[in-house]
Every structure is written in structure tokens, then in C-alpha cells.
Amino acid sequence: MAVLGLVSDLRLPGMDARRRADQYGACLEQVAWADRVGFGRVCLREHHGVPDGYLPSPLVLAGGVAAVTSSLTVVLQALVVTLHDPVRIAEDLAVLDLMCGGRLVVVVGAGYDRREHEMFGRSFGRRPADVERAVGVLRRAWSGESFEFDGRPVCVRPLPYQDGGPPLLLGGTSAAAARRAARIADGFLPVRGRGYDTYRSAVLALGRPDPGPLPRSAPFSVHVAEDPEREWREIGPACLHESNAYAALAAASGLDTGFRAYPDVESLRASGDYPILTPAECVALCDELGDDGRVTFAPLVGGLDPDVAWRSLELIQRRVLPFVRARPDSPAGYRVSVAA
């Protein structure tokens, strides 16, 4: 059956610190639950300066995830390396991989929000070069060698749990990003599948093993409810907030990420991007996607009340998991090509 996963970006409109602390606590409780019941992975995201408090520190949260789990693959999807010093990131990721016991996967992102780069004093136009430079630094740092970087002596200790470090995938949408991933990364994770065929062809042209087709996946996030009609009235506004917020980010950057702004919940519902399924429909979806499929749940979507989120997760445990033999995830499975 499919790999089941959680995704968290910790959006929460408003400035109430107590509510936000409760949300972070709920996130860790949900991740621990997912680990116990047999989910395969958890994905953590990164953005900065977003009014609704979108998660800016996925490495910090991932440390908390590592502390409350023992089997979930922890996927940073994506870590915007163009905003950070690559030597510092090499150290942080090495420690995190040790905390996870080798369960870490890193999706390297160039970022697409110009304002974020301005906030950190980084060049927006240098992003492709900065991605290549960061990946090179990470690999050299995790080899155990001492080297110079920008005239600085570098020696990263301790080394990661995984030999050579956690898998490094590249995210992106363009053909250039796909070809870059074929050259320097362990895999490519495109936005909504865009550019994957280019990536696969580039890998083969370099004489490397065929990474195979992109695993099939469900729409952006799935929610399970006994009565989807009633649930849409309750969680629809949170889904609408998330979709429109993503669309606004993309529009400001002039990038097509597949997210659109919708005028109301009914329009979003018609798009199919945020399906609310009955337990039987969710079981059927997992069966349809097959062993390599992926189904992702975002229980705290758009700042959703944790009590509402738990209602869905508990229903998954009672009415979906008994009929779904979820396939465990593994960091090794993300090493789909051998980088130069």
C-alpha cells in the first residue's frame, strides 16, 4: 500500500502566542501518534516573514520530531539553503541526522520569495549558483575532510549518522532545476510533478541508474471525515486561507506553483486540491495509488483547530488503517541516483 505521511507548516493567522504554542504542541503530539500507528514520513516546510507565522525554523522543529519518534522518515521539504550559511547548515543537519538515527532526508530549495532573500541579505539572482555551492559544501563537509570555503578553514564534526550524510534532493519546477538535480543531487522533487521527465532523461543521459517514474501521489493534502459535507463547512475556511496564501506568495514572485486564489470555499472544493474523503474513499485511494503511492495528511492545515484535526486522525486510525497495510518509508529509497 501507499506511504502515509504528515505535513506541517504551522500556519496560524493572528498573534496569540498561547494558541501558537498549543499548535506547536499539537504538531509534536500528532507526529508521535503517526510514528506509533505506522505512518512512513513527516514533511516540514520553511518560509520567512509570512504574516500567519508560517514555520521559519524547520531544523528546530525537526529536533523536536526526532525526540518523539523512532521510525518516521523526517523530510525537510524544502530547506531553503540560499538563505543560510552552508557550513552552519552542514553542522546542524549532521546533528539532526544523529538525533534521528539516520532517518533524515533533505530537499534542497532555492526559494522563490524575493522578500525572504532581502530579509537575509542574500542575492535573489544568485540562487542557482548558491544551491550548487551549498550542495558541494554539504557533501565535502560530510566526507570528513578539512577544506577551505570562501577562504575559511572548515572542519565539520560530528559527522552525520548516514554515511556521506542524509540524501539531498532538489526541489523546483523548471527544466534547469531538473537538470541541475540530475547532476548534483540524489533525486528531484518537483512541484506537482513538473519537470520530472526532464530530470529522468538527464539522469539517464549521464549514464546513471534509471530513477523510475515519479511515485503517484494524492492531491496536496487529504482530510478524512464521516460527513464530508459537514466537514467542508468547518475546515473549508482553513484550507481556503492556505491555498490563497500560497497563491499570493507565488504571484508576488511571478512563479506558477500550481496554487490559485479562490473567491470562496465552494470554488476551492471544486478544484479537488483539498479532498475531504470518507474512510472508505481513503482506503480506496490508498489501494489505487499502490505500493509506491503517497498520501499526505495536513491535520493543522491553515491553522485548523487541533481538536478538529484530531477528529480526523482518530477516524483514520479506526476506519482506515485496519484496511491499509501502509508501506514504511526509508531514507535509502530517496537515493535514486548517484551524484557526481
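The values are calculated or read from the model by the stated rules, or taken from the named source; none is laboratory data. As the structure is a prediction and not an experimental result, all values here were calculated from the model. Glycine gets a Cβ as well: all are built from the backbone with ideal geometry, and neighbour counts include every protein chain shown. Keep in mind that these areas ignore ligands, DNA and RNA; they rest on the heavy atoms of the full protein, side chains included. Shrake-Rupley method; radii C 1.70, N 1.55, O 1.52, S 1.80 Å.
In the list Ala134, Ala141, Ala177, which residue meets the criterion of being under 22 Å from Leu44 (Cβ atoms), open to solvent by less than 50 Å² (accessible area, probe 1.4 Å), in a helix (DSSP H, G or I) and touching a residue at least 60 places away in the same chain (Cβ under 8 Å)? Going through Ala134, Ala141, Ala177 in turn, the sole match is Ala177. Comparison of Gly302, Gly293 shows that the only residue that is touching a Cys at 6+ places or on another chain (Cβ under 8 Å), on the phi > 0 side of the Ramachandran plot and buried (at least 19 other Cβ atoms within 10 Å of the Cβ) is Gly302.
Restricting the first member to the range 256-282 and to residues that are under 13 Å from Ser312 (Cβ atoms) and touching a residue at least 24 places away in the same chain (Cβ under 8 Å), and the second to residues that are assigned to a loop (DSSP other than H, G, I, E, B) and aliphatic (A, V, I, L, M), the beta-carbon pairs closer than 6 Å and six or more apart or on different chains are Ile276/Ala225; Pro279/Val320; Cys282/Val320. Here Gly172, Gly258 are screened, and the one residue that is open to solvent by less than 40 Å² (accessible area, probe 1.4 Å), small (Gly, Ala, Ser) and in contact with a Pro (Cβ under 7 Å, 6 or more places away or on another chain) is Gly172.
Considering only the range 326-336, I want to know if a residue exists there that is hydroxyl-bearing (Ser, Thr, Tyr), over 22 Å from Cys27 (Cα atoms), crowded, with 18+ Cβ neighbours inside 10 Å and touching a strand residue (DSSP E or B) at 6+ places or on another chain (Cβ under 7 Å). Looking for residues that are hydroxyl-bearing (Ser, Thr, Tyr), over 22 Å from Cys27 (Cα atoms), crowded, with 18+ Cβ neighbours inside 10 Å and touching a strand residue (DSSP E or B) at 6+ places or on another chain (Cβ under 7 Å), one finds at least one in the range 326-336, hence yes. Being more than 19 Å from the chain's Cα centre (by Cα), in contact (Cβ under 8 Å) with a residue 12 or more places away in the chain and either under 23 Å from Val105 (Cβ atoms) or assigned to a helix (DSSP H, G or I) (or both) holds for only one residue in Arg20, Arg11, Arg36, and it is Arg20. Considering every residue within the range 211-234, establish whether at least one is free of Cβ contacts under 8 Å to residues at least 40 places away in the same chain and in contact with a Leu (Cβ under 7 Å, 6 or more places away or on another chain). So far as the range 211-234 goes, no, none of its residues is free of Cβ contacts under 8 Å to residues at least 40 places away in the same chain and in contact with a Leu (Cβ under 7 Å, 6 or more places away or on another chain).
Take the residues in the range 13-31 that are closer than 14 Å to Ala309 by Cα and of a type outside the set (D, E, K, R), then tell me which one is surrounded by the fewest Cβ atoms within 10 Å (Cβ to Cβ). So that I can check it myself, show each step before the final result.
Start the filter on the range 13-31 by keeping residues that are closer than 14 Å to Ala309 by Cα, which leaves 22-31.
Imposing the further condition that a residue be of a type outside the set (D, E, K, R) reduces the set to 23-28, 30-31.
Details: Gln23: 21, Tyr24: 16, Gly25: 12, Ala26: 20, Cys27: 24, Leu28: 16, Gln30: 22, Val31: 26.
Ranking the candidates gives Gly25 first.
Condition check ((1) β-branched (Val, Ile, Thr); (2) touching a helix residue (DSSP H, G or I) at 6+ places or on another chain (Cβ under 8 Å); (3) buried (at least 24 other Cβ atoms within 10 Å of the Cβ)) across all residues:
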site	(1), (2), (3)
Ser71	no, yes, no
Val80	yes, yes, yes
Pro86	no, yes, no
Leu93	no, yes, yes
Asp97	no, no, yes
Cys100	no, yes, yes
Arg103	no, yes, yes
Val106	yes, yes, yes
Ala110	no, yes, yes
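Looking at the range 144-165 only, could you name the residues that are open to solvent by 30 Å² or more (accessible area, probe 1.4 Å), closer than 29 Å to Thr73 by Cα and either part of a strand (DSSP E or B) or hydrophobic (A, V, I, L, M, F, W, C) (or both)? Step through it out loud before you land on a result.
Taking the range 144-165 as the starting set, the residues that turn out to be open to solvent by 30 Å² or more (accessible area, probe 1.4 Å) are 145-146, 148, 150-153, 155, 157-159, 161, 163-164.
Remaining after also requiring closer than 29 Å to Thr73 by Cα: 145, 155, 157-159, 161, 163-164.
The answer is Cys155, Leu159.
Condition check for Ser201 on (1) under 20 Å from Val137 (Cα atoms); (2) modelled with pLDDT of 95 or more: one failure, at (1).
Is it fair to say Phe220 is within 24 Å of Leu189 (Cβ to Cβ) and in contact with a strand residue (DSSP E or B) (Cβ under 6 Å, 6 or more places away or on another chain)? Working first, answer last.
Working: within 24 Å of Leu189 (Cβ to Cβ): yes; in contact with a strand residue (DSSP E or B) (Cβ under 6 Å, 6 or more places away or on another chain): no.
When the stated conditions are applied, Phe220 does not pass them.
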